[in-house]
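K.L.:
For reference, the structure I am asking about is given below.
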Amino acid sequence: MPDFLLPDLGEGLTEAHIVSWHVQVGDEVHVDQIVVEVETAKAAVEVPIPFAGRVSVLHADAGQMLAVGAPLISIVDAPLISVVDAVGLREPGVQTPTNGSGNVLIGYGTPSTTRRRRSGRSRPAAGGTVPEAAPVAPVPEPVAAIGPVAVISPLVRKMARDAKLDLTAVTGTGPSGLVRRADVELALARPVPPIDDPQVQRIPLLGLRKVIADKLSRSRREIPEATVWVDVDATEMLAARSALNANDPLRPVSILALLARFTVLGLGRYPELNARIEQDEIVIPTAVQLGFATQTDRGLVVPVIRDAHRLSTRELSGAIAAHTATARAGRLTPRELSAGTFTVNNYGVFGVDGSAAIINHPEVAILGIGRIIDKPWVLAGELAVRKVCQLTLAFDHRACDGGTAGGFLRLVADCVESPITALGDL
């Protein structure tokens with residue numbers, strides 16, 4: 001009975017949250033059929049199975065966290081070959097079929113020819129008899145450990161010891177109950193059942209919510225953050241936006257797109273804010289991969305617009321709208337959620353004036369804009385009612401000092417207050 005292990009879905013992810021199964025025990029499946037939807041640290045992913053057969057076991061329930069390399073689904077009535085499992089060692093009883101899949105699943109590949117298990121015998125000379133491949137051993141049922149626990153490597157034993165995990169409580173899925181790395185990872189990922197309390201609601205930190213928590217915690221832990229802010233008169237920016245949209249109503253320009261355009265201009269003048277910290281180096285790329293914070297039903301995500309410095313204001317606005325729609329549908333790819341160099345955030349949509357935003361690690365700065373409201377403002381020596389908002393910049397003090405941060409923020413503020421003047425540099 002071959003096991004299809006949860007594949008590495010890219011970006012170095014180590015676990016996934018089972019969202020929903022598309023098959024049930026007893027169903028017939030074919031090569032590349034979508035069998036399950038999982039939520040990784042980056043996005044929701046539909047997983048195809050790389051071989052055909054009949055479903056005999058689903059190894060996890062919807063809502064469960066599963067480690068990469070752990071058994072996902074078992075199939076019977078499928079042609080088999082041996083594969084190397086997630087720990088990098090050849091193990092009996094973990095197989096995939098001889099027919100290749102069109103989808104590349106990391107750790108499975110797309111074999112075009114049948115591979116045989118090594119028998120330990122040397123190859124015959126030309127014209128000699130080729131020995132038959134050794135038969136594939138059937139997968140033994142998981143066996144609970146009794147007495148000294150057999151593990152596949154000292155690394156697995158060390159993992160359990162470091163995590164204070166009792167190996168006798170781990171069910172080994174290897175031959176004769178051998179405990180594999182995937183078994184230990186699965187045991188560590190399994191949450192401890194909470195004590196029932198009808199007056200308390202418990203929401204587990206899983207999937208995207210856990211990723212957000214981990215990333216924000218790392219940002220606060222590692223980045224010596226400082227914040228600067230300024231109130232700006234956005235009256236002229238709103239007028240410029242109205243004129244742009246009246247000129248081409250089929251391609252409207254958003255407030256966030258104008259802020260993004262001014263941000264790209266500012267990063268050209270102050271590239272230290274478009275950087276990342278790697279050990280003892282400040283790494284400054286030439287391209288601007290601009291992220292923007294987006295609230296969805298699944299939580300806060302930051303889609304990334306590639307090469308934002310090459311896009312016009314209308315192209316930026318279109319890319320923001322398209323990425324926002326895809327994010328709220330839960331269909332952003334890992335690539336669309338990674339490798340950003342700077343983030344903008346329109347928290348004004350929530351009706352707030354300012355925010356001490358957390359930097360999107362490993363970036364070194366984030367720019368936010370608050371709500372735009374009528375306020376008294378001194379203009380040319382006279383008191384007037386103007387459209388006013390607050391711009392806030394949080395920055396990593398390792399990447400630059402206050403002079404750079406203040407210069408960048410002032411440039412963006414000047415663009416907001418006088419967008420026509422800024423057009424000369426766009």
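The values are calculated or read from the model by the stated rules, or taken from the named source; none is laboratory data. Predicted model, so just to flag it, every value in this text is computed and none were measured. Reconstructed Cβ throughout: ideal geometry from the backbone, glycine too, with neighbour counts over all protein chains shown. Surface areas here come from the heavy atoms of the whole protein model, side chains and all, with no ligands, DNA or RNA. Shrake-Rupley method; radii C 1.70, N 1.55, O 1.52, S 1.80 Å.
K.L.:
If I filter the stretch 156-173 down to residues being of a type in the set (Val, Ile, Thr) and in a helix (DSSP H, G or I), which single residue comes out as least open to solvent (accessible area, probe 1.4 Å)?
P.N.:
Across the stretch 156-173, the extreme among qualifying residues is Val156.
K.L.:
Take the residues in the stretch 357-385 that are part of a strand (DSSP E or B) and surrounded by 20 or more Cβ atoms within 10 Å (Cβ to Cβ), then tell me which one is farthest from the chain's Cα centre (by Cα).
P.N.:
My answer is Ile369.
K.L.:
Among all residue pairs at least 6 apart or on different chains, which show Cβ distances below 6 Å where the first residue, located in the stretch 201-214, is free of Cβ contacts under 8 Å to residues at least 40 places away in the same chain and open to solvent by less than 40 Å² (accessible area, probe 1.4 Å) and the second is among the hydrophobic types (A, V, I, L, M, F, W, C) and in a loop (DSSP other than H, G, I, E, B)?
P.N.:
Every condition considered, the pairs that remain are Ala213/Leu205.
K.L.:
Any idea which residue in the stretch 49-67 is nearest to Thr296 (Cα to Cα), counting only those that are open to solvent by less than 30 Å² (accessible area, probe 1.4 Å) and part of a loop (DSSP other than H, G, I, E, B)?
P.N.:
This residue is Ala60.
K.L.:
Also, I was wondering about something else. Are there any pairs, at least 6 apart or on different chains, whose C-beta atoms fall under 7 Å, with the first in the stretch 245-259 and closer than 12 Å to Ile320 by Cα and the second among the aromatic types (Phe, Trp, Tyr), and if so, which?
P.N.:
These pairs meet every condition: Leu256/Phe292.
K.L.:
Name every residue in the stretch 269-292 that is of a type in the set (Asp, Glu) and within 21 Å of the chain's Cα centre (by Cα), in order of residue number.
P.N.:
Selection gives Glu278 alone.
K.L.:
Could you give me the residue pairs with C-beta distances under 9 Å whose first residue belongs to the stretch 62-76 and is closer than 9 Å to Ala182 by Cβ, whose second residue is part of a strand (DSSP E or B) and of a type outside the set (A, V, I, L, M) wherever it lies, and which are 6+ apart or on separate chains?
P.N.:
Close Cβ pairs (under 9 Å, with a partner that is part of a strand (DSSP E or B) and of a type outside the set (A, V, I, L, M)) amount to Ala67/Glu15; Val68/Asp8; Val68/Glu15; Gly69/Asp8; Ala70/Glu15; Pro71/Asp3; Pro71/Phe4.
K.L.:
Among the candidates Gly330, Gly354, single out the residue that is touching a residue at least 24 places away in the same chain (Cβ under 8 Å), surrounded by fewer than 21 Cβ atoms within 10 Å (Cβ to Cβ) and more than 22 Å from the chain's Cα centre (by Cα).
P.N.:
That would be Gly354, the only listed residue that is touching a residue at least 24 places away in the same chain (Cβ under 8 Å), surrounded by fewer than 21 Cβ atoms within 10 Å (Cβ to Cβ) and more than 22 Å from the chain's Cα centre (by Cα).
K.L.:
Tell me the residue from Glu37, Glu46 that is buried (at least 18 other Cβ atoms within 10 Å of the Cβ) and at pLDDT below 90, please.
P.N.:
Going through Glu37, Glu46 in turn, the sole match is Glu37.
K.L.:
Is it fair to say Gly348 is outside any strand (DSSP E or B) and either at positive phi or modelled with pLDDT under 95 (or both)?
P.N.:
Yes: the conditions hold for Gly348.
K.L.:
Here is a further query. Is there a residue being open to solvent by less than 70 Å² (accessible area, probe 1.4 Å) and part of a loop (DSSP other than H, G, I, E, B) anywhere in the stretch 222-231?
P.N.:
Checking the stretch 222-231: at least one residue is open to solvent by less than 70 Å² (accessible area, probe 1.4 Å) and part of a loop (DSSP other than H, G, I, E, B).
K.L.:
When the stretch 232-257 is examined, which residues are found to be open to solvent by 60 Å² or more (accessible area, probe 1.4 Å) and polar (S, T, N, Q)?
P.N.:
Ser242, Asn247
K.L.:
Inspect the stretch 190-200 for any residue being modelled with pLDDT under 95, open to solvent by less than 80 Å² (accessible area, probe 1.4 Å) and not β-branched (Val, Ile, Thr) and give the result as yes or no.
P.N.:
Yes; the residues of the stretch 190-200 include at least one that is modelled with pLDDT under 95, open to solvent by less than 80 Å² (accessible area, probe 1.4 Å) and not β-branched (Val, Ile, Thr).
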